[in-house]
Amino acid sequence: MKKVLKLTAAGTLLAASLAAPAMAGTGTADAHWHIAAHAAPFCQLGAASTASSTNTSVTSPNSFVITNFQNPGADTQNNWGLYLHMANSVCNYKFDVTAQSLNGGLKYTGSNTTTDPSFTTLLNYDVGFNVGSAWNDQNINGRQTGWTLQEDQPSAGTFTLLFRSVNSTANLLAGNYADTMTVTLSPAA
């Protein structure tokens with residue numbers, strides 16, 4: 001607020017000095033004004049829109065469901081994938097993109113239990129992120145639950161987020177599988 005008031009006062013003073021008549025016989029006088037401003041580091045992900053999808057459906061701005069999750073005629077995971085474009089994304093400083101899975105994969109949330117190893121309670125999937133010239137695509141698999149992509153320059157425009165299945169021959173238990181993936185865009189330290 002003080003900077004705004006100072007600039008306003010300086011602008012008023014400048015206008016007053018320009019409007020004042022020149023003194024006879026004194027020549028010309030110059031006034032120099034130093035103007036300064038500061039932009040803080042800023043990062044923002046734009047609203048997501050579907051670019052392409054296979055066996056997925058976006059249900060809200062930050063949620064999607066896998067349709068045709070189960071292979072027809074087999075009790076295994078069907079291939080699925082979703083590319084999301086986030087237009088009007090920006091980070092005005094070198095930055096990090098971090099992806100972190102809550103469950104380390106698509107975790108079975110149903111009530112069926114078994115000791116049979118041919119069934120799975122955790123399905124791997126890939127998460128990828130594209131920004132500027134950088135691309136990162138990592139497998140989320142229980143051991144690898146997230147990653148960080150470092151971009152060494154500011155970038156603005158459309159950032160792309162990818163989710164896709166990883167081939168699995170494991171049988172599925174009847175019920176739901178779910179995960180929450182948190183993607184964070186932040187100025188680098």
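The values are calculated or read from the model by the stated rules, or taken from the named source; none is laboratory data. Because the structure is a prediction, the values reported are computed rather than measured. Don't worry about glycine lacking a Cβ; one is built from the backbone with ideal geometry, like all the others, and counts go over all protein chains shown.
Only one of the listed residues (Ala24, Ala40) is at pLDDT below 90 and out of contact with any strand residue (DSSP E or B) (no Cβ under 7 Å at 6 or more places or on another chain). That residue is Ala24.
The single condition among (1) more than 21 Å from Asn78 (Cβ to Cβ); (2) in a loop (DSSP other than H, G, I, E, B) that Thr182 does not satisfy is (2). Against the numbered list (1) surrounded by 15 or more Cβ atoms within 10 Å (Cβ to Cβ); (2) over 12 Å from the mean Cα position of the chain (by Cα); (3) at pLDDT 85 or above, Gln138 comes up short only at (3).
I'm trying to understand the selection: among the residues of the stretch 66-107, which are surrounded by 14 or more Cβ atoms within 10 Å (Cβ to Cβ) and among the aliphatic types (A, V, I, L, M)? Answer for the stretch 66-107, where residues must be surrounded by 14 or more Cβ atoms within 10 Å (Cβ to Cβ) and among the aliphatic types (A, V, I, L, M): Ile66, Leu82, Leu84, Met86, Val90, Val97, Ala99, Leu106.
Just to be sure, is Ser118 surrounded by fewer than 16 Cβ atoms within 10 Å (Cβ to Cβ), over 19 Å from the mean Cα position of the chain (by Cα) and within 25 Å of Thr56 (Cα to Cα)? No.
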